[in-house]
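Novice: The structure that follows is given in the form of structure tokens.
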Amino acid sequence: MSIRIGIVDNHPVVLLGLRTLLEEQAHFVIAWTADSADQALEWLAERPVDIVVVDLRMPEVSGLDLLRQIQSRAPQCRRVVLSAYAYPQEVKEAYRLGINAYFTKDDPIEDVVDGLQRVAGGDVVIKAEHQSFIEDDFRNPLSPREREILHLLAKGYSNKMIASELTLTQGTVKAHVIRLFQKLNVHSRTEAIKKGLKEGYFSVDDLG
């Protein structure tokens, strides 16, 4: 089964090189490439993909902000960072946003290909050198469904409205809310929304 991938990087040489290398893999299909966050979001709306590979160093909109917007607009899409740098704070922040993997541009292409295959299978890939500064809660971020529900809570939805929006039972929504409260270590919707905003699960702009 083919794995559909979108690539976001503002360096044309990197875009072309990565596309060429990945297209050599029989199971990868490069659905689109984009050199800006706006272009990536346009392509994502028109051509949904399984994985988006994002560079953190983007003009106008940071890669982290783009990761948030992708999560908001296409929560089922898996997100992978491919950056020239791996500063601890950026790596932690990216995993806090629920990414599936973080690679650097000097990683062997074999490692990136293997990682993308694992991500397509639902894995979260954490490189050994990142383990030491990623705390336990970053290894177990909110699930895509929990992040989706948190986003709707922040928009003022009730459990009944969330159930209708996501085609779930109210009991299922309640169970998800309880679980995300536990993961965020909060006791109310207001606390969950504040914690979610502080830890980067969504931004104020996402609520517009």
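Novice: Pairs only if they're at least six apart or on different chains, beta carbon under 7 angstrom, first in segment 106-117 and touching a residue at least 60 places away in the same chain (Cβ under 8 Å), second surrounded by 12 or more Cβ atoms within 10 Å (Cβ to Cβ) and not hydrophobic (A, V, I, L, M, F, W, C); list them, first residue then second.
Specialist: Within 7 Å, the pairs are Val113/Gln25.
Novice: Going by the conditions given, is Gly115 surrounded by fewer than 17 Cβ atoms within 10 Å (Cβ to Cβ), in a helix (DSSP H, G or I) and of a type in the set (Gly, Ala, Ser)? Show your work before the answer.
Specialist: Working: surrounded by fewer than 17 Cβ atoms within 10 Å (Cβ to Cβ): no; in a helix (DSSP H, G or I): yes; of a type in the set (Gly, Ala, Ser): yes.
No; evaluated as a whole, the condition is false for this residue.
Novice: Would you confirm whether or not segment 143-151 contains a residue that is surrounded by 14 or more Cβ atoms within 10 Å (Cβ to Cβ), under 23 Å from Arg57 (Cα atoms) and either more than 13 Å from the chain's Cα centre (by Cα) or modelled with pLDDT of 95 or more (or both)?
Specialist: To start, the set of residues in segment 143-151 that are surrounded by 14 or more Cβ atoms within 10 Å (Cβ to Cβ) comprises 143-151.
Filter once more, so that each one left must be under 23 Å from Arg57 (Cα atoms): none.
Scanning segment 143-151 turns up no residue that is surrounded by 14 or more Cβ atoms within 10 Å (Cβ to Cβ), under 23 Å from Arg57 (Cα atoms) and either more than 13 Å from the chain's Cα centre (by Cα) or modelled with pLDDT of 95 or more (or both).
Novice: Within segment 64-73, does at least one residue satisfy the condition of being closer than 27 Å to Gly196 by Cβ, crowded, with 20+ Cβ neighbours inside 10 Å, at pLDDT below 90 and small (Gly, Ala, Ser)?
Specialist: There is no residue in segment 64-73 that is closer than 27 Å to Gly196 by Cβ, crowded, with 20+ Cβ neighbours inside 10 Å, at pLDDT below 90 and small (Gly, Ala, Ser).
Novice: I would also like to ask the following. How many residues are within 16 Å of Pro59 (Cβ to Cβ), more than 17 Å from the chain's Cα centre (by Cα) and acidic (Asp, Glu) when one looks only at segment 1-45?
Specialist: 1
Novice: Within segment 178-208, how many residues turn out to be part of a helix (DSSP H, G or I) and either more than 20 Å from the chain's Cα centre (by Cα) or under 24 Å from Leu64 (Cα atoms) (or both)? It would help to see each step written out before you state the result.
Specialist: At the first step, the residues of segment 178-208 found to be part of a helix (DSSP H, G or I) are 178-184, 189-198, 204-207.
Remaining after also requiring either more than 20 Å from the chain's Cα centre (by Cα) or under 24 Å from Leu64 (Cα atoms) (or both): 178, 180-184, 189-198, 204-207.
Total meeting the criteria: 20.
Novice: Here's a follow-up. State whether the residues of segment 128-145 include one that is within 16 Å of Gln71 (Cα to Cα) and not in a loop (DSSP other than H, G, I, E, B).
Specialist: Within segment 128-145, the first condition is being within 16 Å of Gln71 (Cα to Cα), and the residues that meet it are 141-145.
From what's left, not in a loop (DSSP other than H, G, I, E, B): 144-145.
For segment 128-145, residues within 16 Å of Gln71 (Cα to Cα) and not in a loop (DSSP other than H, G, I, E, B): present.
Novice: In this structure, is Gln76 surrounded by fewer than 20 Cβ atoms within 10 Å (Cβ to Cβ), at pLDDT below 95, in a helix (DSSP H, G or I) and of a type outside the set (Asp, Glu)? Explain how you work it out, then say what you get.
Specialist: Working: surrounded by fewer than 20 Cβ atoms within 10 Å (Cβ to Cβ): yes; at pLDDT below 95: yes; in a helix (DSSP H, G or I): no; of a type outside the set (Asp, Glu): yes.
When the stated conditions are applied, Gln76 does not pass them.
Novice: Looking only at segment 118-141, count how many residues are modelled with pLDDT under 80 and buried (at least 17 other Cβ atoms within 10 Å of the Cβ).
Specialist: Residues in segment 118-141 being modelled with pLDDT under 80 and buried (at least 17 other Cβ atoms within 10 Å of the Cβ): 3 in total.
Novice: Turning to a different aspect of this structure: Name the residues in segment 44-89 that are of a type outside the set (Ser, Thr, Tyr), more than 23 Å from Arg145 (Cα to Cα) and free of Cβ contacts under 8 Å to residues at least 60 places away in the same chain, would you? First the steps, then the outcome.
Specialist: Restricting attention to segment 44-89, the residues satisfying the condition of being of a type outside the set (Ser, Thr, Tyr) are 44-61, 63-71, 73-82, 84, 86, 88-89.
Applying the additional criterion that residues be more than 23 Å from Arg145 (Cα to Cα) yields 55-61, 82, 84, 86, 88-89.
Correct list: Asp55, Leu56, Arg57, Met58, Pro59, Glu60, Val61, Ala84, Ala86, Pro88, Gln89.
Novice: If I ask for residues that are assigned to a loop (DSSP other than H, G, I, E, B) and touching a strand residue (DSSP E or B) at 6+ places or on another chain (Cβ under 6 Å), which ones from segment 22-54 would you list?
Specialist: Taking segment 22-54 and keeping what is assigned to a loop (DSSP other than H, G, I, E, B), we get 24-27, 35-36, 47-50.
Result: His27, Arg47, Val49, Asp50.
Novice: Just to be sure, is Glu60 out of contact with any strand residue (DSSP E or B) (no Cβ under 7 Å at 6 or more places or on another chain), surrounded by fewer than 23 Cβ atoms within 10 Å (Cβ to Cβ) and at positive phi? I'd like the intermediate steps shown before the answer.
Specialist: Working: out of contact with any strand residue (DSSP E or B) (no Cβ under 7 Å at 6 or more places or on another chain): yes; surrounded by fewer than 23 Cβ atoms within 10 Å (Cβ to Cβ): yes; at positive phi: yes.
Judged against the criteria, Glu60 is a match.
Novice: Please work out which residue is surrounded by the most Cβ atoms within 10 Å (Cβ to Cβ), limiting yourself to segment 171-205 and to residues that are of a type in the set (Val, Ile, Thr) and closer than 17 Å to Lys160 by Cα. Please lay out each step first, then the result.
Specialist: Just the residues of segment 171-205 that are of a type in the set (Val, Ile, Thr), to begin with: 172-173, 177-178, 186, 190, 193, 204.
Now drop any that are not closer than 17 Å to Lys160 by Cα, which leaves 172-173, 177-178.
Numbers: Thr172: 16, Val173: 24, Val177: 18, Ile178: 10.
Taking the candidates together, the pick is Val173.
Novice: Another question, if that's okay. Picking from Gly6, Gly98, Gly17, which residue would you name as being small (Gly, Ala, Ser), in a helix (DSSP H, G or I) and within 27 Å of Glu129 (Cβ to Cβ)?
Specialist: Values: Gly6 fails: in a helix (DSSP H, G or I); Gly98 fails: in a helix (DSSP H, G or I).
Exactly one of Gly6, Gly98, Gly17 is small (Gly, Ala, Ser), in a helix (DSSP H, G or I) and within 27 Å of Glu129 (Cβ to Cβ), namely Gly17.
Novice: Give the residue that is nearest to the chain's Cα centre (by Cα), with candidates limited to residues of segment 97-133 that are among the polar types (S, T, N, Q) and over 20 Å from Ile7 (Cβ atoms). Spell out the reasoning first.
Specialist: Step one: of segment 97-133, the residues among the polar types (S, T, N, Q) are 100, 104, 117, 131-132.
Filter again for over 20 Å from Ile7 (Cβ atoms), leaving 131-132.
Values: Gln131: 19, Ser132: 21 Å.
The qualifying residue nearest to the chain's Cα centre (by Cα) is Gln131.
The values are calculated or read from the model by the stated rules, or taken from the named source; none is laboratory data. In this text, all values refer to a predicted model and were calculated from it rather than measured experimentally. Neighbour counts are summed over all protein chains in view; Cβ atoms, including those assigned to glycine, are modelled from backbone coordinates with ideal geometry.
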